[in-house]
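Notes follow once the structure below has been shown.
The values are calculated or read from the model by the stated rules, or taken from the named source; none is laboratory data. Just so you know, these numbers come straight off a predicted model, no measurement behind them. Every residue, glycine as well, gets a Cβ built from its backbone with ideal geometry; the counts of neighbours run over all protein chains shown. In case anyone asks, the SASA skips ligands and DNA or RNA and just uses the protein heavy atoms, side chains included. Shrake-Rupley method; radii C 1.70, N 1.55, O 1.52, S 1.80 Å.
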Amino acid sequence: MIFSLFGLLVPFIFLLSGCNGNNSVSQNGEPDLILPGPDAQQIIQQAFIDAEEGDVIRFGEGTFELTATITLNNKTGVTLKGSGRDETVFSFSGQTDGSDGLLISNSSGIIVQDLTISDTPGDGLKVRDTDGIVIYRVGAVWSGEPSSENGAYGIYPVLSSNVMIDESYAYGASDAGIYVGQSDRVIVRNSLAEGNVAGIEIENTTNADVYGNTVTDNTGGIMVFDLPWLSVSGSHVRVFNNVVQHNGRVNFAPAGNIVAQVPAGTGILVMSTNNVEVFDNEIEENNVIGTGVFSINSMIELGELPSNVQMDESYNTNNVYIHGNSYSRSNIYVSPEDQNTIGNLLTQSFGENPIPDIMLDGFLSGDANESGDICVQNNIGSGFVNLNIPFSFPDNISFDSSPHDCSLEPLPEVQVEIPVYN
Amino acid sequence: MNRSASSNQYKEIGANLFAPFLFCTGLCLLLLTLYSCQYSEENYNDGLNIPPQGYHSNLSEYGFFSGKMRNLDPVDSLLPYDLNTELFSDYTKKQRFVYIPEGEPAKIPDGNRVVFPEGSLLIKNFYYPHDESDPALGRTLIETRLLKLRQGNWTANTYVWNEEQTEAFLRQTGSNQEISWLDYKGVERMVNYRIPSVNDCSTCHSKQSKLVPLGPEAENLNREYAYSSGKENQLEKWRSRGFLSADTELASLSEMPVWDDPSTGTLNNRARAYLHVNCSSCHNPAGSARNSALFLEYTQEDPYYIGVCKTPVAAGSGSGGLRYSIEPGSPDESILFYRMESVKPQERMPEIGRTVVHEEAVVLIRDWIEKMDLPACGGS
């Protein structure tokens, strides 16, 4: 009975505060806290619809069982704050409507922090058409052993600008754990990606810094790709001070997706893009490609793309500077039946010999004897190989790194305009 | 004077801090529904009661319909309309109305786009007939969506009909409803119909990140309608009624084919009309799925952007393990077809608004891809 009376009074207090036009601050000045419960889906969605500039929507500890995508659309200056990456979990294992977990669109100055999104049929946290987004201490995970049934991307900003992903975590994505697509001014730092097909992927994106991350136990660690045929080309990506180790997981991406082409055992792969600097990384036990510079043209040459796709010099990778990285490896590979076509081609080409850590496919612009503006210097513990795929592969594999003993102008640090977070 | 609750003020219980006390939810919700924070100035337009800002809590407050609301008999200031090819929404039927305030009519500046004036309103009612082969057996109204143009910006909201079919209530957060009906073959069908959240609207109704109407394009409106006064071309009716600018040249306007009526267009044109209406709201160069580079507008001419021998960009498991959006001659090797046939949330297209397969459209698209006169894509 006491509880009943209380229950009647509390909503009245809430109604009064609602008239002040800001429902996220309760009477005592403390922000409201949304807790798990049977109505969480509706309560969170309504809070997102009603959010006003400056609001902090807070989530308590526990698992929120959600059945439809939760969307934040057309908002400025809103913070979504859980009680900790391990403490606040948005579980989408029972999702029936929409395939993304949390979708943020057409917004600016948004912070998402201290929560985990789990088991979405599609992407975990998708951010689209947004300028100024901070993703801080956020997890995007799939339960159990990673599987091709898992969603494609964990943390997924796309068509956005001024993006900060910091101290976040991705596990189990059937494409990329952290995937930044067709965006501009991006920092991905101090995060952990494990158990994904690609750990971190920067695709068709300009001005990105990827540093201080640990990327382990994926099929491939860090990908910097451009898919040609899109309206945006990538450029100016720096990958530095990362630990990229033990990426040898059997590729479990659904066929048709470009990451299905990544061999199990790939550390850092740069493909068909321009102006990339890879430096001061620890690259260990990525036994097929330690650091590769490839072109879509190789995929075409090796028959991995449709026959109607013509090779084009514009698909070559230009201006890549690989320096100051440290390498170590063994010669342990996944079995041939667990490896993809390109991975098998590479391992078979070297037989019993170790595959050199730094690998070029040989699609270089200009004279092949020149550097092609691919410079490799001051790396520790690595061999070098140019596969010369365009020249009767595998007959002209070259271990001579001297054409690439050069340096390039360092790329500038990326500046992002984002809200202050802590 | 009626009360109105703006969208900002209409709230359900938002503070789960009080979760332990929610066992009085029923009473609290009732109080909340009755409650609104302030009176706002009403704006009466041609007998309608449309608040200048925000939305009413109840559909009946607008005065759209005369007589019993569930009959959807529009008052004189509304015009009903249909489309040549409409969006598939889990086999719902739709009854649409348009309101354009007196004075400034809509315009068709470039042959297809309809530019609505300030104050315009689109009303779309979703329902299931109990028996598709006999409308006289009644229907279940599910939701009524409104699109409203004020201060140059469109906004959207939806009203969910009660079980008694006497009123519909503003509901912004999305919900589900189990529905069953007899289809035209006499087969009992079931669907867990999804009423979208207000934010879901912008997933499809979006161009350059702004909310826009989708259906009322001139080519799609260019058809006859059986008005109570007799059959008439819809655009001519709009023009004579003052809904459309008097100087609009209608003779030169083309008609979008009716996707399932072969007398209205070739197989290719009907398939493209279907894809235009059902896909291109996101899949166009300014839409929310433009990152995919799959563009399915009716006017798209480049086979690559329509998907022919195009590898996916970010399809994930939606690729179905297939390599190309469209493999000419081979629907079963085409991702576009695969995603139309799938009902898994992470695979199906459209992503929202469809939970069951549109079987008749699948037949059309299968036929279209099978008969596509283009070389196979190749590749290993």
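A few notes on this one:
- Inter-label distance, residue B:188 to residue B:367: 3.2 nm, where each label sits 7 Å from its Cα along the C-beta direction.
- The three principal axes of the Cα atoms in segment B:262-370 give end-to-end lengths of 38, 28, 27 Å, sorted in falling order.
- Ligands, DNA and RNA are left out, and with a 1.4 angstrom probe the accessible area of segment B:238-352 is 38 Å² per residue.
- Highest-MSF residue in chain B out of B:104, B:333, B:232 [GNM, Cα springs under 10 Å]: B:232
- Within chain A, all pairs of alpha-carbon atoms sorted by distance into 20 Å bins from zero give the percentages 27, 51, 18, 4, 0.
- Using a 1.4 angstrom probe on protein heavy atoms only, the contact between A and B buries about 5500 square angstrom of accessible area, both sides summed.
- With DNA, RNA and ligands ignored, accessible area of residue B:56 (1.4 Å probe; Å², nearest 10): 0
- Spatially, segment A:98-147 and segment A:388-422 are offset by 30 Å when compared through their Cα centroids.
- For chain B, the fraction of 1.4 Å probe accessible surface lying on carbon and sulfur atoms is 51 percent.
- Descending by average beta-carbon neighbour count within 10 Å, the peptides A:109-116, B:341-348 line up as A:109-116, B:341-348, the highest first.
- Average accessible surface for segment A:222-416: 38 Å² per residue, computed with a 1.4 Å probe over protein heavy atoms with every protein chain in place.
- Inter-centroid distance (Cα atoms) of segment A:36-86 relative to segment B:86-103, Å: 32
- Within the listed set A:242, A:325, A:396, the Gaussian network model of chain A (springs between alpha-carbon atoms below 10 Å) gives the highest mean-square fluctuation for A:396.
- Among A:49-60, A:269-280, B:251-262, B:210-221, sorting by the average number of other beta carbon atoms lying within 10 angstrom of each residue, highest first, gives A:269-280, B:210-221, A:49-60, B:251-262.
- Axis of helix B:267-279 versus longest Cα principal axis of chain B: the two differ by about 40°, to the nearest ten degrees.
- Ordering B:330, A:183 by accessible surface, largest first, gives B:330, A:183; the 1.4 Å probe counts only protein heavy atoms, with every chain in place.
- Remark: mean inter-chain Cβ contacts per residue of A:33-43 equal 5, using a 10 Å Cβ-Cβ cutoff to other protein chain atoms.
- When each of the peptides A:285-297, B:174-186 is scored by the mean number of other C-beta atoms lying within 10 Å of its residues, the order from highest to lowest reads A:285-297, B:174-186.
- For segment A:346-378 versus segment B:241-278, the gap between their alpha-carbon centres in whole angstrom: 56
- Spacing of the modelled spin labels on residue A:326 and residue B:176, each 7 Å from Cα toward Cβ, amounts to 5.3 nm.
- Alpha carbon convex hull of segment A:24-174, volume per residue in cubic angstrom: 98
- Partner chain coverage, peptide B:59-72 - average Cβ within 10 angstrom: 0
- Over the Cα atoms of segment A:283-422, the radius of gyration divided by the Kirkwood radius equals 1.02; this is the Rg/Rh ratio.
- Note on the protein assembly as shown: Cα Rg divided by 2.2 N^0.38 Å, N the number of residues, gives 1.01.
- Reduction of at least 20 Å² in accessible surface, 1.4 Å probe, comparing all protein chains with the chain by itself, residues of segment A:95-132: A:96, A:97, A:98, A:99, A:106, A:121, A:128, A:129
- Carbon + sulfur, % of accessible area of segment A:241-335 - ligands and nucleic acids excluded, 1.4 Å: 45
- Rounded FRET efficiency, nearest 0.05, which uses the C-beta distance separating residue B:232 from residue A:337 and R0 of 56 Å: 0.25
- With each label modelled as a point 7 angstrom along the Cα→C-beta vector, the residue B:207-residue B:76 pair spans 3.3 nm.
- Taking the convex hull of the alpha carbon positions in segment B:144-238 and averaging its projected area over all directions gives 9.4 nm².
- Peptide A:247-259, shielding by other chains (average Cβ, 10 Å cutoff): 4
- Chain B, Cα convex hull volume normalised per residue, Å³: 169
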